[in-house]
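Trainee: Mind looking over this structure? Questions follow.
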There are 2 protein chains.
Amino acid sequence: MLLLSNQDVEAALTIEDCIAAMDDGYRELGQSRGASGVRSEILSPTTRDDGLYSLLTMSGVAPKSGIGAVRINSDILTWPRTSQGIKRVKVPAAPGARYVGLVLLFSVETGEPLAIYPDGVVQRLRVAATCGLAAKYLARTDARVVGLLGTGWQAGGQAAAIAAVRPITQIRCYSPDPARCQAFARETADRLGIDVIAAGSAREAVARADVVMCATSSMQPVLSADWIAPGMHVSSLKRLELDASVATKSDIVITHVRKAAAQIARTAGADLARDTEHRKDALSKALKQDELPDLADLLLNRTGGRRSNNDVTLFLNYMGLGYQFAVTGHVLLQRARERGIGRQLDSDWFTSEVPS
Amino acid sequence: MLLLSNQDVEAALTIEDCIAAMDDGYRELGQSRGASGVRSEILSPTTRDDGLYSLLTMSGVAPKSGIGAVRINSDILTWPRTSQGIKRVKVPAAPGARYVGLVLLFSVETGEPLAIYPDGVVQRLRVAATCGLAAKYLARTDARVVGLLGTGWQAGGQAAAIAAVRPITQIRCYSPDPARCQAFARETADRLGIDVIAAGSAREAVARADVVMCATSSMQPVLSADWIAPGMHVSSLKRLELDASVATKSDIVITHVRKAAAQIARTAGADLARDTEHRKDALSKALKQDELPDLADLLLNRTGGRRSNNDVTLFLNYMGLGYQFAVTGHVLLQRARERGIGRQLDSDWFTSEVPS
């Protein structure tokens, strides 16, 4: 059993590997040879008045890779009001101001646990790789300029993902915090070796972009439908950041996954999240998400993609899948083993001589 | 973060502690102050022709105890035909012929991981404690003789549980394997210090019993409705082991949990389990399980229990809950800490400096 840190995952796993693994994986998923379990979340009061405890699990099995994966998040969540609206914020409440998210990998052949690692780095990679994969099949092949809304943890992944699938020469990023925006531009330019400009407004970031990537934690729309120009490819990570009319301005709309089972259980008193969830549900309904073709349909040619350089394409990456952790886990395990990364734990600690 | 083995769990946790914790816990659950997540199972082909890979997760939060729990089972399952019918059998396919089931505990206050341990011993205890708790409130207070059908791993737990809540003087056990039955009788008599007799037939084990506990892995009925006598308390762990007409012969029928969310996802080719699942569903329907009062109703006096020494009472313990792992996990953690049991792992291995 391999124990990996976030640093280990970062060292072992590239965005290119993840996109290639997903490119294969979504075909297996679309043919029902791979599967995700139900995404289950429990929300419960904790000692904080302004927060809830959230216990989230998701799982997936990729038989071709021989991997089953479970992801667990154990979080303190808050919904502070900011000048940009209400945000959902995870509080690093574990000792040492740390977050708690874990991925466990298992063997489909023997059941044995193969690896355990924090989900931080791989979470960013799987979200980014999914948007990268969608852009690979939807964006104009000559796309060169990216408008990136958001400059947080996920935004960095999005920048790397689009640069991996298109000949990007410039990224124009925007955040309401100018200092943060400048810093992100510098870091990203250094990391990817391309021109990154801190734009003065969201509109300025989007203007003349071939690809627009929304990667904010905003609970208010950040992208106006008026800014959409012919030929653009747009992607979004959070329902609330997108003005639903962007979809009506799009020629092709692809959702990450058409039907994904998810259930939230709430204990008495756990009502803080209700408002934002109602708004998300209303948006999903407005977007008719359950009827849209999804990424697997696109890869398996069950739905058409971009028809011309003038089509506007939109990718909605809203519901994560446990299956993504099985697919990325498989390639991570391969790379870590090849390069001797990680710490070995005694497998017997995590297996049992008696059945259950 | 505490790492416990099955031996550690066995040393730290008693059936009495578990029943007491559950007695408290089901009240919290019934008042919606505690919650379980969805039970999610993925069934997928593996390299064995006669088996499937199963990845099962369940979760629960007990706010009063401050514990969130996730249980994971990663199993190779087979459905061999035996002389007693088709059985569902877990294969110990992990290295060293071991099984893979894990419980992880988290803090509701900080999110941090608190413990990880195999689920074998605690699984038996939580099932046994639930039946013990039901018997505490349903069986005749003067119950002395137990008919125990099944002599496997769960049957041992059932024997201990009933002995913890009633002045039991004799257990009459039955298994179709006489040698196994004799051995179980000896072991159980030694362990509990009461008279345990290996009966020659199921009917003989049940005759003159005050409490009848079914704890088999049979996929055919093992208890006939004709054998039910006035005053008996009956419990069952598996839908298929019970003739549904036992319910019609019962005055009071209590189900473990009226509505529990569960979902099975199957990948292409994963059909081996379908038959037995259809039969289980049909039985649940015949028993009208969704309309029955449940254990929390009984404890909270929302439904009536036994009215006289002649009532036949029946407890159906068919659907496990993640919540049970939170409640038993809480008392296990207390006892292990009090007694210095287990191995400390570095918490930082399982937490993260970045959000996800």
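Read-outs throughout are calculated quantities, based only on the coordinates presented, and are distinct from any laboratory measurement. Please read these numbers as outputs of a predicted model, since none were measured by experiment. Reconstructed Cβ throughout: ideal geometry from the backbone, glycine too, with neighbour counts over all protein chains shown.
Trainee: Measure up B:Lys64/B:Lys238; A:Lys249/A:Lys288; A:Lys64/B:Lys87; A:Lys87/A:Lys249; B:Lys136/B:Lys238 against 22 Å on the Cα-Cα distance and list the ones that go over.
Mentor: B:Lys64/B:Lys238; A:Lys64/B:Lys87; A:Lys87/A:Lys249
Trainee: Follow-up question, since we're still on this one. Just want the answer: with Cβ charges of +1 for Lys and Arg and -1 for Asp and Glu, which residue in B:Leu43, B:Ala62, B:Ala12 is farthest toward the dipole's positive end in segment B:1-118?
Mentor: So the residue furthest toward the plus end is B:Leu43.
Trainee: Under the definition of partner shielding as Cβ atoms of other protein chains within 10 Å of a residue Cβ, what is the mean value for peptide B:60-66?
Mentor: Partner-chain Cβ atoms within 10 Å, mean over residues of B:60-66: 5.
Trainee: Separate question: Using the Karplus curve 6.51 cos²θ - 1.76 cosθ + 1.60 with θ = phi - 60°, work out ³J(HN,Hα) for each residue of segment A:204-211 in order, rounded to whole Hz, and write x for Gly and Pro.
Mentor: 5, 5, 7, 4, 6, 7, 8, 10
Trainee: When each copy gets a label point 7 Å from Cα toward the beta-carbon at B:Asp190, what are the spacings between them in nm, shortest first?
Mentor: For B:Asp190, the other copies' label points sit at 6.8 nm, shortest first.
Trainee: If you place +1 on the Cβ of every Lys and Arg and -1 on the Cβ of every Asp and Glu, how big does the dipole about the Cα centre of chain B come out, in debye to the nearest 20?
Mentor: Result for chain B is approximately 700 debye, rounded to the nearest 20.
Trainee: So, in Å, what gap is there between the alpha-carbon centers of segment B:8-66 and segment A:75-92?
Mentor: 30
Trainee: Helix-only mean residue ellipticity at 222 nm, chain A, DSSP H runs n ≥ 4 weighted -39,500 (n - 2.57), per residue, nearest 500. What is it?
Mentor: -10000 deg cm²/dmol, from helical runs alone.
Trainee: On to the next question. Whole number please: convex hull volume per residue of the Cα set in chain A, in Å³?
Mentor: Residue-normalised Cα hull volume stands at 147 Å³.
Trainee: Picking from B:Ser32, B:Ser201, B:Ser83, which is most flexible by a Gaussian network model of chain B using Cα springs under 10 Å?
Mentor: B:Ser83
Trainee: Could you line up B:Met1, B:Met58 from fewest to most neighbouring Cβ atoms inside 10 Å?
Mentor: Fewest-to-most Cβ neighbours within 10 Å comes out as B:Met1, B:Met58.
Trainee: I want to verify a result. In a Gaussian network model of chain B, Cα cutoff 10 Å, which of these has the top mean-square fluctuation: B:Ala97, B:Ala282, B:Ala164?
Mentor: Looking only at B:Ala97, B:Ala282, B:Ala164, the biggest GNM fluctuation is shown by B:Ala97.
Trainee: Now for a separate question. If N is the number of residues in the protein assembly as shown, what value comes out of its Cα radius of gyration divided by 2.2 N^0.38 Å?
Mentor: Computed over Cα atoms of the protein assembly as shown, the ratio equals 1.02.
Trainee: In segment A:232-280, what trypsin sites (Lys or Arg not before Pro) fall in a loop by DSSP, with at most 13 other Cβ atoms inside 10 Å?
Mentor: In loop regions of segment A:232-280 (DSSP not H, G, I, E or B), the sparsely surrounded trypsin sites (Lys or Arg not before Pro) are A:Lys259.
Trainee: Distances from B:Ser245 to the same residue in each other copy, label points 7 Å out along Cα→Cβ, in nm, shortest first?
Mentor: Values, ascending and in nm: 6.9.
Trainee: Below 8 Å between Cα atoms, with a sequence gap of 6+, how large is the relative contact order for segment B:128-316 in percent?
Mentor: The normalised contact order for segment B:128-316 reaches 24 percent.
Trainee: How many angstrom lie between the Cα centre of segment A:226-299 and the Cα centre of segment B:194-272?
Mentor: For segment A:226-299 versus segment B:194-272, the Cα centre distance is 46 Å.
Trainee: Another question about this same structure. Shape call for segment B:128-316 from the C-alpha gyration tensor, a ≥ b ≥ c root eigenvalues: rounded (a/c under 1.5), prolate (a/b greater than b/c) or oblate?
Mentor: oblate
Trainee: Then there's this: If you keep only loop residues by DSSP, which trypsin sites (Lys or Arg not before Pro) in segment B:160-231 have at most 13 other Cβ atoms within 10 Å of their Cβ?
Mentor: The qualifying sites are B:Arg208.
Trainee: Another one. In nm, one decimal, shortest first: how far is the label point of A:Pro80 (7 Å from Cα along Cα to beta carbon) from the matching points in the other copies?
Mentor: 6.0
Trainee: Which ordering of A:Cys181, A:Cys214 is given by a fewest-first count of other beta-carbon atoms within 10 Å?
Mentor: The order, fewest Cβ neighbours first, is A:Cys181, A:Cys214.
Trainee: So, one more: Can you tell me which aspartates and glutamates have their Cα less than 13 Å from the Cα of A:Lys259? Leave out same-chain residues fewer than eight positions away.
Mentor: A:Asp290, A:Glu291, A:Asp294, A:Asp297
Trainee: Something else about it: Tell me the relative contact order for chain B as a rounded percent, counting alpha carbon contacts under 8 Å between residues six or more apart.
Mentor: Once normalised by length, the contact order is 24 percent.
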